[in-house]
C-alpha cells in the first residue's frame, strides 16, 4: 500500500546495527523516498542538550534590540550570512508570486571550517564560503552554533551514505561530493509563532541527479504573549523534531534548477 502519511524512521541501526539491519533500514528509506519523499527521523544521536543550547542562544539573540542585530545584517543578496530582519524576504517571489514581506527574522551561517585553499577561494567558489558574521551578544552563540553545525553536517553525511545504500550504490559513493559542501543553516523566529528551525542542505552535481536532502531540526511551540503583546495566546506542548526531505528522482526541485548527470 502506498504511503499516505510522513513516517517516523528510527535510524539508530545505521549507527549501531549489523549489516542486515542497515540494509533493512536502507530499504525502508528507499520506499519512503519513492512514495512520499519526506520522513521524520529518530535515533539520530544529536545531543538534546546541544539542541536546547542552540535554542537558548537563538532566542536571546532575537530578543536583542533591532539596531544591535542590524550590526551583522546580511551584506548582499548573494551572501547567505548574517541577520535578516522582519519583511526582508518574500519567499513566494521565488515561485513568481507577490506578497508583503515574510513575518520572520533569521540568522544564517555557512561552513565553519573553511580553509585558505584554492577550493574555497577560487572564483568558481562564488560566495558559498563567505565568512560568517557573528554578533557580540549573546556570549557563547558562536561556539554553540559552530558545534551544532559540525554535528548536523556529520548527520547529513551519514544520511547521504544511507541514501547511497538505498539507491543500490556503494555506501560512500557521495562522500567526495559532500565532504566540503556549501551547507548552511538558519535560525528563524516568526512574528506570531516563535519558531526556531535549523536547516542543513547538502548539494553536489552528482547528488542533484539522484536525490535532494534537506534536514530541519529544531523546536516549535505556541506564541509567547511577551513576543507580540497578544495576551490571549496560550502555550502548547513543545516539540523537538528532525525532519528530512529526500526524493528519489532524476529531477531536482524547481529551486535548484536542472540536475547535472553524475
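None of the figures in this text is laboratory data; all of them are computed from the coordinates on show. Nothing here was measured: the structure is a model prediction, and the numbers come from that model. Note that each Cβ is placed from the backbone with ideal geometry, even for glycine, and that neighbours are counted across all protein chains shown.
Only Cα pairs under 8 Å and 6+ residues apart enter the sum, and on that basis the relative contact order of region 25-146 stands at 24 percent.
Highest mean first, the peptides 113-124, 11-22 sorted by other C-beta atoms within 10 Å per residue fall in the order 11-22, 113-124. When each of the peptides 65-76, 32-43 is scored by how many other beta carbons lie within 10 Å of its residues on average, the order from highest to lowest is 32-43, 65-76.
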